Amino acid sequence: MGSIKDKTAIMGVGCTRFGELWEKDAEDLIVDAAFEAMDDAGVTPDDIEATWVGNLYDFTGLSGSVAAEPLKLFGKPTTRVENFCASGMDAFRNACFAVASGAYDVVMACGVEKLMDVGGSGLPVDMGHPVMRGASAPAMFALLATRCFHEYGWTREDLARVAVKNHKNGALHPKAHFRRPITLETAANAPMIAWPLGRFDSCGMSDGAAALIITRPEIAKKSKHKHDYAVTKANALAMNSFLPMYRASFDWLGFPATQAAAKQAYAEAGITNPAEEIDLAEVHDCFTITEILNIQDLQFCERGEGAKFVREGHADVDGQVAINPSGGLKCFGHPIGATGCRMLCEVTKQIQGRAEGAQVKNARLGMGHNLGGPGSVSSVTILGLPE
Amino acid sequence: MAKIASFGAYIPLFRLSRQEMANAWGVPAVPGERSVANADEDSLTMAVAAGSDCLAGIDLSTIDGVFFATTTAPYDEKQCAGVIAAALDLRTDINTADFTGSLRAATTALRAAADAVDSGSARSILVVAADCRLGEPESMWEQLLGDGAGAVLIAKQGPATLRGFNSTAGEQVGAWRRSEDRYVRSFEAKAETRYGYLQSAVQAGKTVLDKESVDPGDLAKAVITAGDPRSQGAVAGSLGVDGGKLQDSLFMSVGNPGVPLVLMMLAGALEQAKAGDKLLVINNGDGADAFLVELAEDFAPAAGRKALTGHLLQKRNLPSYTAYASFRKLMKREDIDPRGSAVTYWRDVNIVLRFHGGRCTNCGAVLYPIPRVCEECATKDQIEEIKLAKTGSVYTFTLDHLEAGKYVNVPVPRLVLDLEGGGRVFLSMTDGDPQEVEIGMSAEIVFRCLHEGSSFHNYYWKCRPVPEAIS
C-alpha cells in the first residue's frame, strides 16, 4: 500500500469565529473562512481547481452547492462530504488524494454547519428507523462513561478535569465559542444532560466554518508560506459499527474506530511512540469522556489510564502531549461539518508557531482526530514540517 | 366441549389512591385505589401483556386464533388482534378478530372462540381483553374506572370445561360513549342498575343454573362482574349464591377496567380453583352472558404466569393526580413529532413486533437487528432467525434528559441490555425509577407504544426493572 506522507502541503488556512452566530448564515460563514484561507495562501478563487466541503445535516446544507453556490465555484467540481463528525476531516482527506494524484495542483477543503438556525438543544441521533432509535448524542456517549466508571472507578470529577482544562485553553483563543475559565466545582455540579454527563461535560451547539488550501510541496515551496508550510504525514479513516448498542462484543470502554484509524496513521507517518513524538493533538472531545477515551485509543497512554493522564497534567498545553490547546470541541465549539477542518487549521498554525490561542512550544508534529456516529467513523490526520 | 387451557391477566404497575384524585378536585373520595396505565400503554399493549401471561409455557404453534375484546381500541379502522398476534409471535395462518362496542365484548369473544373450537374450525383460540377508559375529570367515573387486561386460552384440551352458555339481549342505555365522546357517559345509575344490570344478569345466571341443573350451593365461586360491590351482592342474592363465594370485583384494588374485568376475575378464580369445582360466570353489558366452568383437574402452575394475584402484588404508587393527568394526556402539550414509516415497520415486522434476532451459523454470534452480513465474522447470508429472550441485565446505561431535542426534567433511562441466551439490545426504560438503575440490574422487556410518528401507533419494546412482589 502506498502512502500520502509528505506528498501534500497546506498553503493556507482560514476559520471563522465559532459560536452562536445568529446574524450570519451558512453563506457568510463559508465565504469568510474560504477567503481567509485563500488570502493566507495567496491565491484567488480562480486558482481553486476543485473543492470538497464537509457538512452533515441536510438542514444546514445541500450537496456540492454548500460551497459552490456561496463561493460561485462554477464550471469546476465541488463535492459534499458527509461522514458524521468526521465530515470536515474527510473532505480534507479526499482533497489531499486528489492533489497527490496530480490531477489538480491547488484545491480547497472546507466545512460548515449552521446549527443555530434549526433550534432544539442537543443533536438528535436518528438511526433512520421508526422504532429502533438512537438516543440523544449526550446519551450515546454517556453509555461509555457509565461503563468506564464501573470498570475503572473513574468519577464525575475525572470528567470535570477535562472541562476545566479545555475551558482554560479556550479562554485564550479569540475564535472560540466559550471563553470563560471554569472551576472544578462548577463543572462537577452542573445540571445533568444525560447522566453521568452534565452540562459542562458536553460541547456546545455552535455555528462556524473553516477552510484549507491544499497543494503539493513543490508548489508550496514557491508560495506565500514557502518557509513554513505544513505537510501531511498521515491521513487515515476507519469505520466501525453504527449500532454498537446492539453489538455484544462492544465493550463501551473505547472506540475501535479511533484505535484502527490511529494504527493506520502511525504506520503511515512512521510513528512508533505517539506520546513522545506528537507535540499536540486536537482530539474529538464532543464530551469529556470522549477526550479521556481518545487519549487511550490514540495510544498516548495505556487503556484505563486516560483519566490519570489528564489528572497528572500530561494533557496540558505544556504537558507531554498538549490535548486540545484550542479549547477543543468543548470550548471552541462543534459545528459538525466544520470541526475537522478547524482542527487542521489549528494544528497548521501551531506547527507554524502562529497559534491564535495558547501556543504549544516547539510544536513540530500535530494531530487532528474526529470521531462520529457515535463510534461509526474516526479520522486521524497528522501534520508536520517538510522533511 | 371447549375447555379453558390457560388464563392470564395484566395490571399496569401504577396505582393511584382515590383520595389523591379527590384531593385534586376537592370532591368526596371513593375508598380504595385504582390502576393507571402508563403513558406508553394502551389497550393493545396491555392485551399483549395479558396474552403473554396466559401463553406462558404454551406451545405457540398450536394457537389458531386471537380474539381481542375492548371498547378502547387504539384504532377505529385497523385490526388490533393482528398486531397482538404478531407481538406474541404467533403463526400468521390464524384467525384474528376484534370484538368491540360493548362492555360484554369479552364473553362475546369467549363464546365465539368456544363455538369455533367446538365446531372444529380451530384447535385453540386466545381470547384477550383490555380497556383503558377515561372518566371525565372531576367526575366519580374518573375514580371508579381502572386499567387492565385479562386473557383465557380456549382449546380442545384443558383442565376446565365451559358449559351452558346463555345470553340475554336486554336493551338499556347503560353507560355509553358516542364515537365523538372521550369520556364515559351514563344516565340514571339507579334505574340502570335495577332494570338493566340486575334483570339481565339474574336472568342469564338463572337460566344457566337451571339448564345445567346446578344448585347454587354447589358452586365453588361466582364470577359476577359489577360496577360496584353492592350490585354484585344483589345479583348473588337473587340467584341464591352465598355472598362468601363471590369473586372479588377488584373495586378496591383496580377499579372497574370495563371489558377485561370478567377475564381478570375469572383468572383470579381459576388461580384458586381445585378439581371438581364449579364456577358460575356472569358478565354484564348491554344484556348479559353467563356460563359454567367445571374443573376436571387443577390448573398446573405455569412458570412465568403471574395471573391476577401476581399482578396485584406488584405495584408502585403514583405520586399525584398530575401524573395521572399527564399519562392520560388530559392536558394539551406540545407534540414531539418523530418520523414514522409504515413501510419500514411492515418490512421489519419480525424484528420490530416479533422481536426476532439472528444467529450466525458460522460464528454463533447472536445479532440484533438481523443483518445480512455477520457483524462479528463478516459471513454473508448465514444468519438463522431466532426468538430473543424477553429478559436481560444492564451492561451500561444513561439517564437521558433529552427527548427529540427537548429538555425533560425526569430523565428517560436508556439501557444497553445483555439478553438471557445472547444478544444485546438498546431500549428505553419505563415503569421504573431512574435512580434505581445500575449495571447488572435485571430487566424485563415489555411491549409499549413508542410514538405516534406519521400518525400511526409505532409499537415497539421497552424494558422495565423486574417488579418485586410487595409483601
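Computed from the coordinates by the stated procedures, all read-outs in this text should not be read as laboratory data. All figures in this text were calculated on a predicted structure; none of them were measured in a lab. No Cβ is skipped: glycine too gets one built from the backbone with ideal geometry, and neighbour counts run over all protein chains shown.
First obtain the Kirkwood hydrodynamic radius of chain A from its Cα pairs, then insert it into the Stokes-Einstein equation at 20 °C and 1.002 mPa s, and state the resulting D in µm² per second as a whole number.
It comes out at roughly 106 µm²/s.
As a test of understanding, state the convex hull volume per residue of the protein assembly as shown from its alpha carbons, in Å³.
Normalising the Cα hull of the protein assembly as shown by residue number yields 172 Å³.
What are the ³J(HN,Hα) values, in whole Hz, obtained from phi via the Karplus relation 6.51 cos²θ - 1.76 cosθ + 1.60 with θ = phi - 60°, for each residue of the range A:156-162 in sequence order, with x given for Gly and Pro?
Each residue of the range A:156-162 in turn: 4, 5, 4, 5, 4, 4, 5 Hz.
Would you work out which of B:VAL208, B:PHE327, B:ALA222 lies farthest towards the positive end of the dipole of the range B:3-327, given +1 charges on the beta-carbon of Lys and Arg and -1 on that of Asp and Glu, about the Cα centre?
The residue sitting farthest along the positive end of the dipole is B:ALA222.
Just want the ordering: B:TRP176, A:TRP22, from fewest to most Cβ atoms lying within 10 Å of their own Cβ.
The fewest-first ordering by Cβ neighbours comes to A:TRP22, B:TRP176.
Which ordering of B:THR379, B:THR107, B:THR430 is given by a fewest-first count of other beta-carbon atoms within 10 Å?
Lowest count first: B:THR379, B:THR430, B:THR107.
Along the charge dipole of the range B:3-327, Cβ charges K/R +1 and D/E -1, which of B:GLY243, B:ASN95, B:LEU16 sits furthest on the positive end?
So the residue furthest toward the plus end is B:GLY243.
List the Cys residues of chain B that have no partner Cys with a C-beta closer than 4.7 Å.
When partners are defined as cysteine Cβ atoms under 4.7 Å apart, chain B leaves B:CYS54, B:CYS80, B:CYS132, B:CYS449, B:CYS463 without one.
Report, in degrees rounded to the nearest 10, the 0 to 90 angle that the Cα long axis of helix A:256-269 makes with the longest principal axis of chain A.
The angle comes out at about 40 degrees.
Putting +1 on Lys and Arg Cβ atoms and -1 on Asp and Glu Cβ atoms, find which of A:SER326, B:GLY392, A:GLY198 reaches farthest to the positive end of the dipole of the protein assembly as shown.
Towards the positive end, the residue furthest out is B:GLY392.
Give me the distance in nm between label points sitting 7 Å out from Cα along the Cα-to-Cβ direction at B:PHE456 and B:GLU188, one decimal.
Here the modelled spin labels are 4.7 nm apart.
Quick one: divide the alpha-carbon radius of gyration of the range A:260-387 by 2.2 N^0.38 Å and tell me what you get.
In units of the globular-protein estimate, the range A:260-387 measures up at 0.94.
Say R0 is 51 Å: what FRET efficiency, to the nearest 0.05, do B:ARG230 and B:ILE439 get from their beta-carbon distance?
Computed FRET efficiency for B:ARG230 and B:ILE439 comes out at 0.50.
With no solvent and one equal point scatterer placed on each C-alpha of chain B, evaluate the Debye formula and give log10 I(q)/I(0) for q = 0.07, 0.08 Å⁻¹, two decimals.
So the normalised log intensities are -0.36, -0.47.
What are the lysines whose alpha-carbon lies under 24 Å from the alpha-carbon of A:LYS233, with same-chain residues fewer than 8 places away excluded?
A:LYS5, A:LYS7, A:LYS221, A:LYS222, A:LYS224, A:LYS263, A:LYS349, A:LYS361
Points 7 angstrom from Cα along the Cβ direction at A:SER249 and A:ASN362: gap in nanometres?
4.3 nm
Find the eigenvalues of the gyration tensor of the Cα atoms of the range B:262-349, then list the square roots of 5 times those eigenvalues as equivalent ellipsoid semi-axes, largest first, in whole angstrom.
Semi-axes (√(5λ), whole Å): 38, 21, 18.
Please give the FRET efficiency for A:GLU302 paired with A:ASP58, using the beta carbon to beta carbon distance and R0 = 45 Å, rounded to the nearest 0.05.
Approximately 0.65, to the nearest 0.05.
List the residues whose amide H sits under 5 Å from the amide H of A:GLY327, counting only those 5 or more places along or on another chain, with H placed 1.01 Å from N in the peptide plane.
Residues meeting the amide H criterion: A:GLY170.
Can I get the semi-axes of the range B:394-471's equivalent ellipsoid? Compute them from the C-alpha gyration tensor as square roots of 5 times the eigenvalues, in angstrom, largest first.
One finds semi-axes of 21, 16, 14 Å for the range B:394-471.
What's the magnitude of the charge dipole for the protein assembly as shown around its Cα centre, counting Lys and Arg as +1 and Asp and Glu as -1 at the beta-carbon? Answer in Debye, nearest 20.
Here the size comes out at about 240 debye.
Can you give the local net charge around A:LEU62? Use residues other than it whose beta-carbon is closer than 10 angstrom to its beta-carbon, Lys and Arg +1, Asp and Glu -1.
Taking every Cβ under 10 Å from that of A:LEU62, the sum is -1.
Given labels modelled 7 Å from the Cα in the Cβ direction, how far is it in nm from A:THR155 to B:ASP215?
7.7 nm
Just the Cα atoms of the range A:95-204, one point each, no solvent: what log10 I(q)/I(0) does Debye give at q = 0.15 Å⁻¹?
Rounded to two decimals, the profile gives -0.85.
How do B:CYS363, A:CYS341, A:CYS203 line up, fewest other C-beta atoms within 10 Å first?
Ranked by crowding around the Cβ, least crowded first: B:CYS363, A:CYS203, A:CYS341.
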